[in-house]
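The values are calculated or read from the model by the stated rules, or taken from the named source; none is laboratory data. This is a predicted model, so every value here is computed, not measured. All Cβ positions, glycine included, derive from the backbone under ideal geometry; neighbour counts span all protein chains shown. For accessibility, only protein heavy atoms count, side chains too; no ligands or nucleic acids. Shrake-Rupley method; radii C 1.70, N 1.55, O 1.52, S 1.80 Å.
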Amino acid sequence: GGSCIQCVAGKFKSTTGDAVCINCVAGQYSATIGATSDVCQGCLSNSNSPEASNKQTDCICNAGFSGPNGGTCTACVAGRYKDRVGSSECSVCDKGKHAASSGSTLISDCLLCSPGTYAWSDSP
């Protein structure tokens, strides 16, 4: 009994019968309602989304990367880090410290400057 209901966005079902709709896996999304095949699309590089995501803006930048939700995620430049997911900006290492590589994810990646060098807290 009952009426058949379309799969919501973020899910699909390619078979007939009483099987439930299948979620798009983490890292994918679909805005299609009533999808009859796996039309889930992958998030852009360096971003991820939860299972059953239904819009591109569910894709958020990984730690070490910054950018708008659903958009291009760019690695934090050397001298900056980002320890959380999302669209927030990369943080600058404290004065006297510098992260040598791009895409740093921890404040502990910011190391003391070597003798004969320095870093201001407002410069990358």
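Just the number please: accessible area per residue for the chain, 1.4 Å probe, all protein chains included, in Å².
Value returned for the chain: 61 Å² of accessible area per residue.
Contour minus end-to-end for residue 88 and residue 14, with contour as 0.36 nm per residue of separation and end-to-end as the Cα-Cα distance?
22.8 nm
What are the residues whose amide H is under 5 Å from the amide H of residue 55, where those residues sit 5 or more places off or on another chain and H is modelled from the backbone?
The list, which skips near neighbours in sequence, is 30.
With θ taken as phi - 60° and the coefficients 6.51, -1.76 and 1.60, list the Karplus ³J(HN,Hα) couplings across region 78-95 in order, rounded to whole Hz; mark glycine and proline as x.
For region 78-95, the Karplus curve yields 3, x, 10, 8, 8, 9, 9, 7, x, 8, 4, 6, 6, 8, 7, 4, 4, 3 Hz.
By how many nm would the segment from residue 120 to residue 4 grow when fully extended, if each residue of separation counts as 0.36 nm and the alpha-carbon distance is taken off?
Between residue 120 and residue 4, full extension yields 35.5 nm more.
Of the heavy-atom accessible surface of the chain (probe 1.4 angstrom), what whole percent is carbon and sulfur?
Answer for the chain is 54 percent, counting heavy atoms of protein chains only.
Once you treat every alpha carbon in the chain as an equal point and sum by Debye, what is log10 I(q)/I(0) at q = 0.16, 0.19, 0.20 Å⁻¹?
One equal scatterer on each Cα of the chain leads to -0.75, -0.89, -0.94.
Averaged over every viewing direction, what's the projected area of the C-alpha convex hull for region 72-124? Give it in nm², one decimal, please.
With every direction weighted equally, the projected area is 3.4 nm².
Explain nothing, just compute: Karplus ³J(HN,Hα) = 6.51 cos²θ - 1.76 cosθ + 1.60, θ = phi - 60°, for every residue of region 59-76 in order, whole Hz, x for Gly and Pro.
So the Karplus estimates, Gly and Pro as x, are 7, 10, 5, 6, 4, x, 9, 9, x, x, 4, x, x, 6, 9, 10, 4, 4 Hz.
How high is the relative contact order of the chain? Use alpha-carbon pairs under 8 Å, at least six apart in sequence, and give a whole percent.
Contact order relative to length: 17 percent.
Under the rule of at least 5 residues apart or a separate chain, name every residue whose amide H is placed under 5 Å from the amide H of residue 65.
HN-HN under 5 Å from residue 65: 76.
Normalising by the residue count of region 27-66, find the relative contact order in percent from Cα pairs under 8 Å and 6+ residues apart.
Values: 64 pairs, mean separation 17.7, N = 40.
Across region 27-66, relative contact order equals 44 percent.
Report, by chain and number, residues whose modeled amide H sits under 5 Å from the one on residue 22, excluding near sequence neighbours (fewer than 5 apart, same chain).
12, 13
Convert each backbone phi in region 14-27 into a coupling constant with the Karplus relation 6.51 cos²θ - 1.76 cosθ + 1.60 (shift: θ = phi - 60°), then list the ³J(HN,Hα) values in order as whole Hz, x for Gly and Pro.
9, 10, 8, x, 8, 5, 7, 5, 9, 6, 4, 6, 4, x
By average Cβ neighbour count within 10 Å, what is the ranking of 16-28, 106-118, 73-85 from highest down?
Result, highest mean first: 73-85, 16-28, 106-118.
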